[in-house]
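Accompanying notes for the structure given below.
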Amino acid sequence: MTLDLVIRGGLVATAAGETVTDIGIAGGRIMALGQGLAGAATIDAHGLIVTPGGVDPHCHIEQMSGMGLMNADTFETATRSAAMGGTTSLISFAAQAKGQPLGDAAADYAARGARGAAVDWAFHLILADPGAPGFEADLATLIGQGHRSLKVFTTYNIGLDDGQILRALTIARDHGALTCIHAENDAIIADARARLLAEGRTRPIDHAASRPREAEIEAVARMCRLAEAAQAPVMIFHISTAEAAAEVRAARARGAPVWAETCPHYLFQTEEVLDRPGLEGAKWMCSPPQRTETDQDALWAALALGDLQVISSDHAPYRYDETGKLSAGPDAPFPAIANGMPGLEVRLPLLFDAMVSRGRLGLARFVEMTATAPARLYGLDTKGAIAPGKDADLVLWDPDRTHTYGANDLHDNVGYNPFEGTKITGWPVRVLLRGETIVADGDYLGTPGAGRWLPRAAIGTRPADLTGRPA
Ligand code: DUC
Ligand code: ZN
Ligand code: ZN
């Protein structure tokens, strides 16, 4: 066999364990693992750890928010940032506007991705208006074309009611798609927000109290029951509380087709990040909000047990200026401030540092939660593992290299790093997408438009693939 490229002598990590071996690549795919492979070109990986390219299944790119604000990142800037942090596949969103045919929304976002993406990508279809013309027929057609995941909200101005969600779950089940859910109880949030505003509590730190933990717990429990009733697979997004993780655990113990993720900001930050002078805390505002150290411990425990299977970034980029966080002015009350933080680039280094360098759960679980499980759960069959036949998406980590995050050292278009001051041990020194080097020693070598859209096979007909457990 003629190999184009051999990655020589690295410690190759998969969700099943690690071993020192060469990786042989041809035509952008992994062809062989073994000792003494030879190819037209060689990359020396002695002393480095080689993991599959990161798969980030939850990020907002070039998307219009419910408040009518455009994300700071285009596909070009977001995928540059993703690549610099070791992520080579991502799933963002095609957001239906109220009244818009779903097919038009999908075509619009497909054009944005095709124009700018430098890593491989897919999107979740956001279902904002089931009353739009041709909605159900469009949904079935789009799923059949390979858009195998949907997203619904229980809150925000695009929240669906239980009946609408149940109908979406049924269509998704029947056509082979996974439904992702932003689960917070809208009434609890509206009540808390009104009370806080009446008391004159309008600062970013008050955003935390405006999204009570009960809002998440109630909605997560209810969504698990809907999934169970419909026997339709769901992925609960961004779990932030101990009790919501427990609801997922209980549902899975009952055999419910429920999977769930959390994000680095819930694992590494508490609501204290919101408590800064002026509007500064707005940089860390997201929903659900960061919680407590007790919740952090519970989330790590839930990851260890397999109750939560995936760690995504929920990258939702807004600049700290009048185009983003300050669009309603420098004295805006929290309800007028866009929710979300950049996370695409920091997700893998933060988790490598915690899980590998500091030993929390270890290298195999790091690979599982950041690449293998998201690829398997979302039907990205060529991604997330180092094995013959898979795309040669690889990250070479220097386990000894350290980096302390600065105020503005990311490669997105956001202008701040919410993890400024955090010291990372272990750094992605080289990143390959389908055998091509797209990051080398801090230099970005990617090409906008070179990322491929990833059509996916039916989800939900392969129960073994949906376990979310380490292989
Ligand atoms: N919360 C969301 O639901 N979406 C984007 C960002 C955020 O904080
Ligand atoms: Zn959400
Ligand atoms: Zn999100």
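Tell me the GluC sites (Glu not before Pro) within region 303-384 that lie in a loop according to DSSP and have at most 13 other beta-carbon atoms within 10 Å.
Working: sites: Glu322, Glu345, Glu368; in loops: Glu322, Glu345.
Sparse-neighbourhood loop GluC sites (Glu not before Pro): Glu322.
On a 0 to 90 degree scale, rounded to 10, what angle separates helix 242-253 from the longest Cα axis of the chain? Result, in degrees: 70. The packing ranking of peptides 405-414, 383-392, highest mean first, is 383-392, 405-414, where packing means the average number of other beta carbon atoms within 10 angstrom of each residue.
Assigning unit charges at the beta carbon (Lys, Arg +1; Asp, Glu -1) and nothing else, what dipole magnitude in debye, to the nearest 20, does the chain show about its Cα centre? Mind showing how you got there, number by number?
Working: 41 positive and 56 negative charges, 172 e Å.
With only Lys, Arg, Asp and Glu charged at Cβ, the dipole is about 820 debye.
Return P(r) of region 187-247 (all Cα-Cα pairs; 10 Å bins starting at 0; whole %; ordered from short to long distances). All Cα pairs, binned at 10 Å, distribute as 21, 41, 26, 10, 1 percent. In a DSSP loop and with at most 12 other Cβ atoms within 10 Å, the GluC sites (Glu not before Pro) in region 157-238 are Glu199. For the peptides 27-40, 429-442, the ranking by packing is 429-442, 27-40, with the highest mean count of neighbouring Cβ atoms within 10 Å listed first. In the chain, the calculated helix contribution to ellipticity at 222 nm averages -8500 deg cm²/dmol per residue, counting -39,500 (n - 2.57) for every DSSP H run with n ≥ 4. Summarising the strand pairing of the chain, around 50 percent of its internal DSSP beta bridges are antiparallel. With a simple spin-label model that places each label point 7 Å from the Cα along the Cα-to-Cβ direction, the separation between Ala407 and Asp441 comes to 3.0 nm.
Relative contact order of region 193-292, please, whole-number percent, based on alpha carbon pairs below 8 angstrom and at least 6 residues apart. List each step's numbers first, then the result.
Numbers: 125 pairs, mean separation 33.1, N = 100.
The normalised contact order for region 193-292 reaches 33 percent.
Projecting the Cα atoms of Leu160, Met67, Ile171 onto the charge dipole of the chain (Cβ charges, centred on the Cα centre) puts Ile171 farthest toward the positive pole. Kindly flag which residue pairs out of Lys151/Lys325; Lys98/Lys390; Lys283/Lys423 have an alpha-carbon separation exceeding 29 Å in this structure. Checking Cα-Cα distances, Lys98/Lys390 exceed 29 Å. Across region 305-371, Cα-Cα pairs more than 13 Å apart make up 69 percent of the total.
Treating each Cα of the chain as an identical point scatterer and ignoring solvent, apply the Debye formula and state log10 I(q)/I(0) at q = 0.11, 0.12, 0.13 Å⁻¹. Per q value, in the given order, log10 I(q)/I(0) is -0.83, -1.00, -1.19. For Thr42, the residues 5 or more places off, or on other chains, whose built amide H falls under 5 Å of its own are Val6. Accessible surface area normalised per residue over the chain is 34 Å², counting heavy atoms of protein chains with a 1.4 Å rolling probe.
Farthest towards the positive end of the charge dipole of the chain, among the residues Trp284, Gly27, Gly131, is the Cα of Gly27, using unit charges on the Cβ of Lys, Arg, Asp and Glu. The mean sequence distance of close C-alpha pairs (under 8 Å, at least 6 residues apart), as a share of the length of the chain, puts its relative contact order at 22 percent. Each Cα pair under 8 Å and six or more residues apart adds its sequence gap; the mean of these over the residue count of region 1-77 is a relative contact order of 30 percent.
Relative to its residue count, region 62-140 spans a Cα convex hull of 80 Å³ per residue.
The values are calculated or read from the model by the stated rules, or taken from the named source; none is laboratory data. Nothing here was measured: the structure is a model prediction, and the numbers come from that model. Using ideal geometry, Cβ is built from the backbone for each residue, glycine included, and neighbour counts are taken over all protein chains shown. Heavy atoms of the whole protein, side chains included, go into the accessibility calculation; ligands, DNA and RNA do not. Shrake-Rupley method; radii C 1.70, N 1.55, O 1.52, S 1.80 Å.
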